[in-house]
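The values are calculated or read from the model by the stated rules, or taken from the named source; none is laboratory data. Please read all numbers here as calculations on a predicted model, not as lab measurements. Ideal geometry is used to build each Cβ from the backbone, glycine not excepted, and the neighbour counts take in all protein chains shown.
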Amino acid sequence: MRLRFWGVRGALAATGAEFQRVGGNTPCVEVRDRDDELLILDAGIGAYWLGRQLLSGPHGRGQGKATLLFSHTHWDHIQGFPFFVPAFIPGNDVRVFGGGVDHLEDTLEGQMDPTYSPLVSLSNLGAQVEIGGLEENPVLEVGAMRVTHATFPNGPHQVVGYRVEEGDRSLCYICEVDHPPDGLRAEVVELARGCDLLIHESYYTDEELDSLPPNLSLAGELGPPPAGHSSYGQATSVALEAGVKRLLYFYHHPDREDDAVDAQIAAQRARVAAAGATLEIESAREGTEIEI
């Protein structure tokens, strides 16, 4: 498998010069199998730039295929889809799954309502676009890649994590997850178990996560803070618990400048070294290409 990162930032794009070494576009990851079959993980603004690059190949001639998997349907994960140019070219075949919602097609159609979008409707896409649910597709075959998933809470919403395997190689994609305050979410650890590469959200630092105010429920009771996101330290803990070989921190906070990201990576490396572990860790960065 080969990967390329087109968007690694969380919530909204970060455009300043101080963010460009890591990258400022919202989530999008390109995955290819040995036969060049295309799988796309999330379609934030990075999907626009991926789509432009694809135009130089079969997708620009109406002969391309792609499978797109959404982790969920918050705007920063779907906002690049209406600007994914290959979806407008007749002859291309685009399969879309996921989202953590019951009616994915309705959600994507709503984004293209003329109140928000000059594109008006999914019906204006020229490609053959198939939108399916994960319930009836617990295992997806994308070329030589086999994709399984797990669904878990993310604040009040649901989010999907993916495991992609080709032969004896594997990656796990956890774009967002709200780990419980007293440990790790078991579904995430099991999905990542023994994989070669884990891509895990790192929206907060550990200190930021600990300082969030408690949540006031509708009943007026104080409960755990409504984090909705995880931290660098939690990502490291998942990787160590799951026994993965390599960890890439992903979905960086839009306020976190490159130097601050690097400082967090250095702190986590020191933690791994102190534990005597062999885990390889780095930040996901736009433009980075990886072969597993």
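Would you check which residues across segment 67-115 are without any contact (Cβ under 8 Å) to a residue 24 or more places away in the chain and among the small types (Gly, Ala, Ser) and list them?
110
Scan segment 16-33 residue by residue and report those that are in contact with a Gly (Cβ under 8 Å, 6 or more places away or on another chain) and surrounded by fewer than 21 Cβ atoms within 10 Å (Cβ to Cβ).
Answer for segment 16-33, where residues must be in contact with a Gly (Cβ under 8 Å, 6 or more places away or on another chain) and surrounded by fewer than 21 Cβ atoms within 10 Å (Cβ to Cβ): 16, 33.
Given the residues 127, 87, which is the only one that is of a type in the set (A, V, I, L, M) and touching a Pro at 6+ places or on another chain (Cβ under 9 Å)?
Among 127, 87, only 127 is of a type in the set (A, V, I, L, M) and touching a Pro at 6+ places or on another chain (Cβ under 9 Å).
Please return the ranges of strands (runs of 3 or more DSSP E) entirely within segment 35-146 where 2 or more residues are buried (at least 21 other Cβ atoms within 10 Å of the Cβ).
38-41, 65-70, 93-98
Hey, among the residues in segment 158-194 that are β-branched (Val, Ile, Thr) and more than 20 Å from residue 252 (Cβ to Cβ), which one's farthest from the chain's Cα centre (by Cα)?
Applying the first criterion (β-branched (Val, Ile, Thr)) to segment 158-194 yields 159-160, 164, 174, 177, 188-189.
Now restrict to residues that are more than 20 Å from residue 252 (Cβ to Cβ): 160, 164, 189.
Numbers: 160: 9, 164: 13, 189: 16 Å.
This residue is 189.
Which condition does residue 163 not pass, out of (1) of a type outside the set (Gly, Ala, Ser); (2) more than 30 Å from residue 184 (Cα to Cα); (3) touching a Leu at 6+ places or on another chain (Cβ under 6 Å), if it passes all the others?
Among (1) of a type outside the set (Gly, Ala, Ser); (2) more than 30 Å from residue 184 (Cα to Cα); (3) touching a Leu at 6+ places or on another chain (Cβ under 6 Å), the lone unmet condition for residue 163 is (2).
With respect to residue 230, determine if the residue is modelled with pLDDT under 95 and crowded, with 23+ Cβ neighbours inside 10 Å.
yes
Tally up the residues in segment 152-171 that are out of contact with any His (no Cβ under 6 Å at 6 or more places or on another chain) and at pLDDT 95 or above, please. Give the derivation first.
First, the residues of segment 152-171 that are out of contact with any His (no Cβ under 6 Å at 6 or more places or on another chain): 152-158, 161, 163-171.
Filter once more, keeping what is at pLDDT 95 or above: 161, 163-171.
The number of residues fulfilling the criteria is 10.
With respect to residue 110, is the statement that it is over 30 Å from residue 36 (Cα atoms) and not hydrophobic (A, V, I, L, M, F, W, C) true?
So residue 110 passes the test.
Regarding residue 186, is this residue of a type in the set (A, V, I, L, M, F, W, C), at pLDDT 85 or above, out of contact with any strand residue (DSSP E or B) (no Cβ under 8 Å at 6 or more places or on another chain) and surrounded by fewer than 19 Cβ atoms within 10 Å (Cβ to Cβ)?
So residue 186 passes the test.
Quick grid of which residues meet (1) in contact with a helix residue (DSSP H, G or I) (Cβ under 6 Å, 6 or more places away or on another chain); (2) more than 28 Å from residue 191 (Cβ to Cβ); (3) at pLDDT 95 or above:
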| site | (1), (2), (3) |
| --- | --- |
| 41 | no, no, yes |
| 64 | yes, yes, yes |
| 84 | yes, no, yes |
| 90 | no, yes, yes |
| 93 | no, no, yes |
| 107 | no, no, no |
| 114 | no, yes, no |
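Of the residues that sit in segment 1-11 and are in a loop (DSSP other than H, G, I, E, B) and not small (Gly, Ala, Ser), which one is farthest from residue 78 (Cα to Cα)? Explain how you work it out, then say what you get.
To start, the set of residues in segment 1-11 that are in a loop (DSSP other than H, G, I, E, B) comprises 1, 8, 10-11.
Checking which are not small (Gly, Ala, Ser) leaves us with 1, 8.
Details: 1: 24, 8: 14 Å.
Residue satisfying both the conditions and the ranking: 1.
When you scan segment 35-55, do you find a residue that is out of contact with any Leu (no Cβ under 8 Å at 6 or more places or on another chain), polar (S, T, N, Q) and closer than 24 Å to residue 263 by Cα, even just one?
Checking segment 35-55: not a single residue is out of contact with any Leu (no Cβ under 8 Å at 6 or more places or on another chain), polar (S, T, N, Q) and closer than 24 Å to residue 263 by Cα.
Residue by residue through segment 12-34, note down the ones that are assigned to a loop (DSSP other than H, G, I, E, B), touching a helix residue (DSSP H, G or I) at 6+ places or on another chain (Cβ under 9 Å), of a type in the set (A, V, I, L, M, F, W, C) and modelled with pLDDT of 95 or more.
Restricting attention to segment 12-34, the residues satisfying the condition of being assigned to a loop (DSSP other than H, G, I, E, B) are 12-16, 20-27, 33-34.
Now restrict to residues that are touching a helix residue (DSSP H, G or I) at 6+ places or on another chain (Cβ under 9 Å): 12-13, 20-23, 25-27.
Next, from what is left, pick out any that are of a type in the set (A, V, I, L, M, F, W, C): 12-13, 22.
Those that are assigned to a loop (DSSP other than H, G, I, E, B), touching a helix residue (DSSP H, G or I) at 6+ places or on another chain (Cβ under 9 Å), of a type in the set (A, V, I, L, M, F, W, C) and modelled with pLDDT of 95 or more: 13, 22.
Return the residues of segment 98-140 that are in contact with a strand residue (DSSP E or B) (Cβ under 8 Å, 6 or more places away or on another chain) and on the phi > 0 side of the Ramachandran plot; say none if nothing qualifies.
98, 99, 100
Across segment 241-261, what is the number of residues that are under 20 Å from the mean Cα position of the chain (by Cα) and either more than 16 Å from residue 208 (Cα to Cα) or of a type in the set (Ser, Thr, Tyr) (or both)?
The qualifying residues number 10.
So residue 37 passes all but one of these: (1) more than 25 Å from residue 203 (Cα to Cα); (2) at pLDDT below 95. Which condition number does it fail?
Residue 37 satisfies all of (1) more than 25 Å from residue 203 (Cα to Cα); (2) at pLDDT below 95 except (2).
Among the candidates 139, 177, 147, which residue alone is free of Cβ contacts under 8 Å to residues at least 24 places away in the same chain, farther than 16 Å from residue 4 by Cα and among the hydrophobic types (A, V, I, L, M, F, W, C)?
Testing whether each residue is free of Cβ contacts under 8 Å to residues at least 24 places away in the same chain, farther than 16 Å from residue 4 by Cα and among the hydrophobic types (A, V, I, L, M, F, W, C) leaves just 139.
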